[in-house]
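Asks: This is the structure I want to talk about, given as C-alpha cells.
The values are calculated or read from the model by the stated rules, or taken from the named source; none is laboratory data. Note that the coordinates shown come from a computational prediction; the quantities given were computed from them, not determined experimentally. Here the Cβ is made from the backbone with ideal geometry for all residues, glycine too, and neighbour counts use every protein chain on show. Keep in mind that these areas ignore ligands, DNA and RNA; they rest on the heavy atoms of the full protein, side chains included. Shrake-Rupley method; radii C 1.70, N 1.55, O 1.52, S 1.80 Å.
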Amino acid sequence: MKIAIIIHAHNEEKRIGKTLESHSSYFEAIRKQGALDYEILVVINNTSDKTETIVKKYAQKNKRIRCLNLKEGGKGYAVLEGFKDALNRNNDFVGFVDADLATPSESFHNLIKALGKADGIIASRYLKDSLITPSRTFRRLVIGKGFNLLVRTLFFLPYKDTQCGAKIFTRQTATEITRNIKMSQWAFDVELLYHLYKNKFKIKEVPTIWKEVEGSKINLKKSSAQMLLSIIQLRIIKSPLKGILKPLSPVTNALWNLTK
C-alpha cells in the first residue's frame, strides 16, 4: 500500500523544514519495515518567501518528497491540485495534513491504521478521547464549536469537526473529490464532506492529538467572518431552493469583499 501525504504550504519557511523532517523520518522508518510506502507532496501556494528552496533541499535528501509551486488559489485549490497530481501515480490513498505539524506524524499514521474499509477518515479535535495541547483558549473553543454547530445545522452533517487539517481518502474517493469539489477557500472541507456524505461515502471520524503551534498567520476575527460567509454561500449553491435564494449571492459576495 502507498499513501500520498499532501501538505499545503503558504509562506511556511519557518515551519516546513521541521514538518518535513518529522514526517520523512517517521514514514521512512515504517516503509523500511515493509508496512507502508509513501510520498510527501508539498503544494506551495502563492508564496513569497523561501519555502520552495527549503522543500527542494529536503527533496534532495529523500526522493519521496515532491513539490508543486502554484501561483494562485487558496488552500482548497492547492489541495485539489495536489490530489490530481498524486492520482497520476500509484497511490492507494491520498490525504492532507497541515504544514505546521499540529497533527503529529504518529497521529496522521493512526488515521491510516483506523481507516479499515471506510472510504475516508477525518481527525477530530472535539471527540471525547481527543487531546489538544495546550488547551484552546475559550474564544477559540467557542468559535470552533459554534462554527461546527452552524455547519451541522445547515448541512445535516454528523461530524463534530469538519475543519481539522488531517484527512485521508481512498484512491476512488480522492478521484470523486477532484471531479466534484469547487470551493477553494474556507468552505472547502465542508463542501468536500457534504458531497461525500450526500453520496453515501463512508467517512469515519476519530479522535486525534492536536498541538497548538505558534506562528499562525490567521487573523481570527477576519477569518471567522470569511468562514461564515463562505458557508452561507455554499448553502445557497447546494440548496434545492437555490433559484429562489440566488439573489442573496451578491449580498454575501459584497460582504466577503469587505472582509478582505
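Asks: Please work out if I40 is touching a residue at least 40 places away in the same chain (Cβ under 8 Å) and either more than 21 Å from V213 (Cβ to Cβ) or open to solvent by less than 10 Å² (accessible area, probe 1.4 Å) (or both). Full working, then the answer.
Replies: Values: touching a residue at least 40 places away in the same chain (Cβ under 8 Å): no; either more than 21 Å from V213 (Cβ to Cβ) or open to solvent by less than 10 Å² (accessible area, probe 1.4 Å) (or both): yes.
It is false that I40 is touching a residue at least 40 places away in the same chain (Cβ under 8 Å) and either more than 21 Å from V213 (Cβ to Cβ) or open to solvent by less than 10 Å² (accessible area, probe 1.4 Å) (or both).
Asks: For the stretch 7-25, give me each residue that is under 16 Å from E106 (Cα atoms) and not in a helix (DSSP H, G or I). Step through it out loud before you land on a result.
Replies: Step one: of the stretch 7-25, the residues under 16 Å from E106 (Cα atoms) are 7, 18-25.
Hit for the stretch 7-25 is I7, nothing else.
Asks: Separate question: Can you say whether R89 is charged (D, E, K, R) and in contact with an Asp or Glu (Cβ under 6 Å, 6 or more places away or on another chain), as far as the supplied structure shows? Full working, then the answer.
Replies: Numbers: charged (D, E, K, R): yes; in contact with an Asp or Glu (Cβ under 6 Å, 6 or more places away or on another chain): no.
When the stated conditions are applied, R89 does not pass them.
Asks: Moving on. Might you check whether a residue that is touching a helix residue (DSSP H, G or I) at 6+ places or on another chain (Cβ under 9 Å), of a type outside the set (A, V, I, L, M, F, W, C) and at positive phi occurs anywhere in the stretch 54-76?
Replies: Yes, the stretch 54-76 contains a residue that is touching a helix residue (DSSP H, G or I) at 6+ places or on another chain (Cβ under 9 Å), of a type outside the set (A, V, I, L, M, F, W, C) and at positive phi.
Asks: May I ask you to list the residues in the stretch 224-244 that are at pLDDT below 75 and within 20 Å of C164 (Cα to Cα)?
Replies: S224, A225, Q226 - these are the residues of the stretch 224-244 that are at pLDDT below 75 and within 20 Å of C164 (Cα to Cα).
Asks: Another one. Whether any residue in the stretch 144-167 is basic (K, R) and without any contact (Cβ under 8 Å) to a residue 12 or more places away in the chain is what I want to check. Don't jump to the end; show me each part of the working.
Replies: Step one: of the stretch 144-167, the residues basic (K, R) are 145, 152, 160, 167.
This time we only want the ones that are without any contact (Cβ under 8 Å) to a residue 12 or more places away in the chain, so: 152.
For the stretch 144-167, residues basic (K, R) and without any contact (Cβ under 8 Å) to a residue 12 or more places away in the chain: present.
Asks: Identify all residues within the stretch 72-103 that are closer than 19 Å to V213 by Cβ and in a loop (DSSP other than H, G, I, E, B); write none if there are none.
Replies: Within the stretch 72-103, D98, A99, D100, L101, A102, T103 qualify.
Asks: Does N69 satisfy being under 25 Å from F188 (Cβ atoms), out of contact with any Gly (no Cβ under 9 Å at 6 or more places or on another chain) and in a loop (DSSP other than H, G, I, E, B)?
Replies: Working: under 25 Å from F188 (Cβ atoms): yes; out of contact with any Gly (no Cβ under 9 Å at 6 or more places or on another chain): yes; in a loop (DSSP other than H, G, I, E, B): no.
No: the conditions fail for N69.
Asks: Please enumerate the residues belonging to the stretch 28-54 that are among the hydrophobic types (A, V, I, L, M, F, W, C) and more than 19 Å from the chain's Cα centre (by Cα).
Replies: First pass over the stretch 28-54, keeping only residues among the hydrophobic types (A, V, I, L, M, F, W, C): 29-30, 35-36, 40-44, 54.
Within the stretch 28-54, A29, I30, A35, L36, I54 qualify.
Asks: Out of G17, G34, G82, report the one residue that is within 30 Å of K117 (Cα to Cα) and surrounded by fewer than 22 Cβ atoms within 10 Å (Cβ to Cβ).
Replies: On the way: G17 fails: within 30 Å of K117 (Cα to Cα); G82 fails: surrounded by fewer than 22 Cβ atoms within 10 Å (Cβ to Cβ).
Within the list G17, G34, G82, the selection yields G34.
Table: residues versus (1) among the aliphatic types (A, V, I, L, M); (2) over 25 Å from G17 (Cα atoms); (3) in contact (Cβ under 8 Å) with a residue 12 or more places away in the chain.
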residue: K56; (1), (2), (3): no, no, no
residue: I65; (1), (2), (3): yes, no, yes
residue: L68; (1), (2), (3): yes, no, yes
residue: T103; (1), (2), (3): no, no, yes
residue: F108; (1), (2), (3): no, no, yes
residue: D119; (1), (2), (3): no, yes, yes
residue: Y126; (1), (2), (3): no, yes, yes
residue: L131; (1), (2), (3): yes, no, yes
residue: V142; (1), (2), (3): yes, yes, no
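Residues are listed down the side, and each one gets a yes or a no for (1) under 23 Å from T175 (Cα atoms); (2) of a type in the set (K, R):
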| residue | (1), (2) |
| --- | --- |
| R64 | yes, yes |
| G74 | yes, no |
| Y77 | yes, no |
| D92 | yes, no |
| F108 | yes, no |
| L115 | yes, no |
| A118 | yes, no |
| I132 | no, no |
| S135 | no, no |
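Asks: Another question, then. Within the stretch 130-183, track down each residue that is of a type in the set (S, T, Y), open to solvent by less than 50 Å² (accessible area, probe 1.4 Å) and closer than 22 Å to N110 by Cβ.
Replies: Keep residues of the stretch 130-183 that are of a type in the set (S, T, Y), which gives 130, 133, 135, 137, 153, 159, 162, 170, 173, 175, 178.
Subset that is open to solvent by less than 50 Å² (accessible area, probe 1.4 Å): 130, 159, 162, 170, 173, 175, 178.
If the condition is that a residue be of a type in the set (S, T, Y), open to solvent by less than 50 Å² (accessible area, probe 1.4 Å) and closer than 22 Å to N110 by Cβ, then S130, Y159, T162, T170, T173 are the ones that fit.
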